[in-house]
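Remarks on the structure that follows.
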Amino acid sequence: MLFLAENGFRVVAHDRRGHGRSTQAWSGNDMNGYADDLAAVIEALDLNDITLVGHSTGGGEVARYIGRHGTKRVAAAVLIGAVPPVMVKSAGNPEGLPIEVFDGLRSSLAKDRSQFWKDFAIMFYGANRPGANVSQGMLDQFWLWSMQAGLKNTYDCIKAFSETDFTEDLKRFDVPTLVLHGEDDQIVPINDSGKKSAKLIKDAKAIFYPGLPHGLTATHADRVNADLLDFLRSVQKLRKAA
């Protein structure tokens, strides 16, 4: 956000329901709720010609927002390491991750959420890979942010990001879209997410980064920021030309 603001863009973000400084609501911890919360922020601030940027579960929020609310206020979209079209394995999605994987996440979270987040951070940033350069500060920051979220909210969020099918939402995209994904993403495997989304979204531009992890926005911020800025400027040129 700081990088984009320093390059002349107005940047607005919100804490997802039950996460960060948000009220830890018991209900509404699902993709429809998340998308409607996003819509409420956009409408309250009367934002127009916006580029929606969503990482991981946030990419699902962007997709469901467009699916439910359309693109009348949206100029473009960016999905970074995002969960669409659907993560869980099923008869219709045989390449997905088995439900047991997500059951395991829920069990570990409920049992010892502090240790769960410490362990999860290592895979999130690829710190378990040979030659990885992930600072302790980055891992600590992830733990701190995660512990600010409510247990009920993060527990429900696992179902939201893993079992929601965004296929029809992606088909409704009618604005320029950029898909960014690390090829060594251990959290949201690229073959069943980024690569499929890039095919489902009409005329999407995709950049796949060899060897990069799920948390690429932090571990390789310079590369991601540069590609994001190039895309935003290209959207501006298109809007001016129109």
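The values are calculated or read from the model by the stated rules, or taken from the named source; none is laboratory data. Every value quoted in this text rests on a predicted model; they were computed, and no experiment measured them. Here Cβ is always computed from backbone atoms with ideal geometry, including for glycine, and neighbour counts include all displayed protein chains. Areas reflect the complete protein model, heavy atoms only, side chains present, ligands, DNA and RNA absent. Shrake-Rupley method; radii C 1.70, N 1.55, O 1.52, S 1.80 Å.
Under the criterion of Cα pairs below 8 Å and six or more residues apart, the relative contact order for the chain equals 23 percent.
When peptides 17-24, 79-86, 40-47 are sorted by average Cβ neighbour count within 10 Å, with the highest value leading, the order is 79-86, 17-24, 40-47. Based on the Cβ-Cβ distance from Phe208 to Phe3, what FRET efficiency comes out when R0 is 30 Å, to the nearest 0.05? E(calc), rounded to 0.05, equals 0.90.
The stretch between Lys152 and Arg68 holds 27.8 nm of extra length on full extension. This uses 0.36 nm per residue minus the Cα-Cα distance. Among the listed pairs Lys89/Lys202; Lys89/Lys111; Lys72/Lys118, those with a Cα-Cα distance over 29 Å are Lys72/Lys118. Probing with 1.4 Å while keeping every protein chain in the model, the per residue accessible area of the chain equals 50 Å². Placing a pseudo-label 7 Å from each Cα along the Cα-to-Cβ vector at Arg21 and Lys195 gives an inter-label distance of 4.1 nm. Please list, by residue number, everything in the stretch 2-19 whose backbone N is under 13 Å from a paramagnetic label point 7 Å out along Cα→Cβ of Leu45. Under cut-off, by backbone N: 2, 5, 9-16. You can think of it this way: the chain between Glu95 and Lys171 has 25.4 nm of extra reach, that is 0.36 nm per residue less the Cα-Cα gap.
Taken over the stretch 112-242, the percentage of Cα pairs per 10 Å bin, counting from 0 up to the bin with the maximum distance, is 11, 33, 36, 18, 3, 0.
Measuring nothing but protein heavy atoms, the accessible surface of the chain at 1.4 Å probe radius is 51 percent carbon and sulfur. Volume per residue of the convex hull around the Cα atoms, evaluated for the stretch 185-234, comes out as 77 Å³. Derived value for the stretch 84-164: Kirkwood hydrodynamic radius 13.9 Å. Basis is the mean of 1/r over every pair of different alpha-carbon atoms.
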